[in-house]
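**Q** Before anything else, here's the structure in question.
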Amino acid sequence: MKVVVQVVEKIINEAHIHIPDGLTEDAIKHHIVGLYNSGEITPDLNIFQVNFESISATIVQQPQEAA
């Protein structure tokens with residue numbers, strides 16, 4: 001018997017970055033998105049937390065082998 005198991009997890013990553021002083025909240029958001037989109041923030045991301053969302057299993061019917 002073959003069973004396909006699917007696990008869904010929500011992964012939360014954390015990065016510590018430096019933001020220039022004096023930016024508005026909107027400018028901070030744009031700055032962070034720009035760092036992420038350019039790939040500059042990717043090496044700093046560490047898995048901080050993994051939350052289990054769901055698990056499911058499906059039995060895959062296989063044809064009987066001829067004797």
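**Q** Scan the stretch 15-30 and report the pairs whose first residue is under 25 Å from ILE47 (Cα atoms) and whose second residue is open to solvent by less than 100 Å² (accessible area, probe 1.4 Å) and in a loop (DSSP other than H, G, I, E, B), with Cβ atoms within less than 6 Å and a gap of 6+ or a chain change.
**A** Partner pairs satisfying both residue conditions: ALA15/ILE41; ALA15/LEU45; ILE28/ILE19.
**Q** While we're on this one: Suppose we keep only residues that are at pLDDT 90 or above and of a type outside the set (A, V, I, L, M) within the stretch 1-16. Which one would you say is nearest to ILE59 (Cα to Cα)?
**A** Step by step, filter the stretch 1-16, then rank; the result is GLN6.
**Q** State yes or no: is ILE47 surrounded by 10 or more Cβ atoms within 10 Å (Cβ to Cβ) and hydrophobic (A, V, I, L, M, F, W, C)?
**A** On the way: surrounded by 10 or more Cβ atoms within 10 Å (Cβ to Cβ): no; hydrophobic (A, V, I, L, M, F, W, C): yes.
In short, no.
**Q** A follow-up question, please. For the stretch 5-36, which residues satisfy the criterion of being part of a loop (DSSP other than H, G, I, E, B) and over 22 Å from the mean Cα position of the chain (by Cα)?
**A** Just the residues of the stretch 5-36 that are part of a loop (DSSP other than H, G, I, E, B), to begin with: 15-24.
Matches in the stretch 5-36: HIS18, ILE19, PRO20, ASP21, GLY22, LEU23, THR24.
**Q** Moving on. Criterion first (open to solvent by less than 100 Å² (accessible area, probe 1.4 Å) and modelled with pLDDT under 90) does ASP26 satisfy it? I'd like the intermediate steps shown before the answer.
**A** Working: open to solvent by less than 100 Å² (accessible area, probe 1.4 Å): yes; modelled with pLDDT under 90: no.
Judged against the criteria, ASP26 is not a match.
**Q** Here's another thing I want to ask about it. In this structure, is ILE19 at pLDDT 90 or above and either of a type outside the set (D, E, K, R) or touching a His at 6+ places or on another chain (Cβ under 6 Å) (or both)?
**A** Numbers: at pLDDT 90 or above: yes; either of a type outside the set (D, E, K, R) or touching a His at 6+ places or on another chain (Cβ under 6 Å) (or both): yes.
Taking the combined requirement at face value, the residue satisfies it.
**Q** Identify, please: which residue in the stretch 1-22 is in contact with an Asp or Glu (Cβ under 6 Å, 6 or more places away or on another chain) and of a type in the set (A, V, I, L, M) and is, among those, most open to solvent (accessible area, probe 1.4 Å)?
**A** VAL8
The values are calculated or read from the model by the stated rules, or taken from the named source; none is laboratory data. From a predicted model like this one, the values you see are computed outputs, not experimental measurements. Neighbour counts run over all protein chains shown; Cβ positions are idealised from the backbone, glycine included. Heavy atoms of the whole protein, side chains included, go into the accessibility calculation; ligands, DNA and RNA do not. Shrake-Rupley method; radii C 1.70, N 1.55, O 1.52, S 1.80 Å.
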